[in-house]
Every structure is written in structure tokens, then in C-alpha cells.
1. Skipping prolines and chain starts, which residues have an amide H placed within reach, meaning under 5 Å, of the one on Ile2, given they are 5 or more residues away or on another chain?
2. About the Cα centre of region 54-106, what is the dipole size in debye to 20, counting +1 per Lys and Arg Cβ and -1 per Asp and Glu Cβ, all else neutral?
3. Only loop residues by DSSP count here, and only those with at most 14 other Cβ atoms within 10 Å; note down the GluC sites (Glu not before Pro) in region 21-70 that meet that.
4. With θ set to phi - 60°, apply the Karplus curve 6.51 cos²θ - 1.76 cosθ + 1.60 along region 75-90 and write out the HN-Hα couplings as whole Hz, x wherever there is a Gly or Pro.
5. Using amide H atoms built 1.01 Å from N in the peptide plane, name the residues 5+ places from Gln113, or on other chains, whose amide H lies under 5 Å from its own.
6. Please report the orientation-averaged projected area of region 47-134, defined via the convex hull of its C-alpha atoms, in nm².
7. Starting at the first residue of region 123-139, write each ³J(HN,Hα) from the Karplus equation 6.51 cos²θ - 1.76 cosθ + 1.60 with θ = phi - 60°, in whole Hz, x for Gly and Pro.
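Please treat every number below as a calculation from the coordinates, not as lab data. Since we're looking at a predicted model, the values are computed, not measured. Here the Cβ positions follow ideal geometry from the backbone for every residue, glycine too, while neighbour counts run over all protein chains shown.
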Amino acid sequence: MIVIADSGPLRYFVVIEEVHLLPLLYGNIVIPPSVAHELTQAATPPLVRAWMEKLPEWMTVRSPRTALPELSPVLGEGEREAIALAEELAADVLLVDDEAARLEAARRSIAVQGTLGILDLAAEHGFLTNLPGALEKLRSTNSGQVSAYSISSWNETPSGGAPVIRSGGGIFLAPDQKGSPDSGG
């Protein structure tokens, strides 16, 4: 399986201390240099920067061999390189949260999986036993992922956890008590 990752899912999985799930689900993951660069910037959480200093064996940094294709200017360098690498390597999946990047990948017939969908998949496979706890940790990061997706249905609130929304693309945290998603990301 060939899996390419953008910075968003990696950052969130390190911060919520669930990064061990990624190799269980996907084996090896490839990131482009610009994603590695994003994850080592001063604005990146210290925990993520420390994790990047000692990349695990299952993570590889690889540059796209071909010039970056014409992509939307709203995409960052990391998203552009990740999409280019996914296309070049005929990746099975691109791990990405950014809505514009997800749409561009879909336009190019690249399968995508976001942070919440990965958590859902880990729970489905029995690798994540406390999904509500992981979702609460994610909510505390101010990930703001709720507003970015079309929501098809509500699930009941897990005991002690945030309401969870399920849609075709995975699971999404429901808006907070005030009716608006956490901001940031």
C-alpha cells in the first residue's frame, strides 16, 4: 500500500498522542519535503517538532520527481507536493484534511482520508478503543474540521464525549454547545 500524507493529519495524530495508529492502519507513509518542513517550523507545536527530529522507520521523506502540476493557488506547498507525489506514485490514499486539497485530489481520482476518518477507521479495526476520548483531544486542538464538510447524519452523543457526525468521508465532531465549530486548524 502506498500512502502519502500532508502535514495536517500527522500534526493532529502526534498532538493527540495517537500517532502509533498510522503504521497499524497504513504501514509505511511517505511525505514530501515541504510537509516535513511545515512540521518543523517554529509555529508547529513543540511535541510535533520533537517527533519530527526522530522520524519513525515507517515514515519516509521523498520528493516528487516531476514538476508540480498546475494546481489551485489556494493550496499550500505541502498540499501541492503531497498531491503531486500521490499522483506520481499512484498512491492508494492521500492523508489530508484541507478541503481544497481534498477536492483537488478527488478531481485527480486520488483517494483521500482525513484525520477524523482515520480515527474512525482505527476504531472500526479495534486499534482505537476510546474514540470519544480521541475526539475530545482533537476538539481541544481547535482543529475546526466540522465546518469543512457536508454532513449527512447525526449519531447519538457517545457517553461523556462530543457529539459525532458520520458522513461518507468519515466522522466529524459536532459543533460546540454554542452551535459553531472550534476555530483554528
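1. Asp92, Val93
2. Numbers: 5 positive and 12 negative charges, 47 e Å.
Taking the Cα centre of region 54-106 as origin, the dipole is about 220 debye.
3. On the way: sites: Glu38, Glu53, Glu57, Glu70; in loops: Glu57, Glu70.
Passing sites in region 21-70 are Glu57, Glu70.
4. Taking θ as phi minus 60°, the curve returns 7, x, 4, x, 5, 4, 5, 5, 5, 4, 5, 4, 5, 4, 8, 6 Hz for region 75-90.
5. Residues meeting the criterion, in which the H sits 1.01 Å from N, are Leu94, Leu95, Val96.
6. On the way: hull surface 29.0 nm².
If you wrap the Cα atoms of region 47-134 in a convex hull and average its projections, you get 7.3 nm².
7. Each residue of region 123-139 in turn: 5, 4, 8, x, 7, 10, 8, 10, 4, x, x, 5, 5, 5, 4, 5, 4 Hz.
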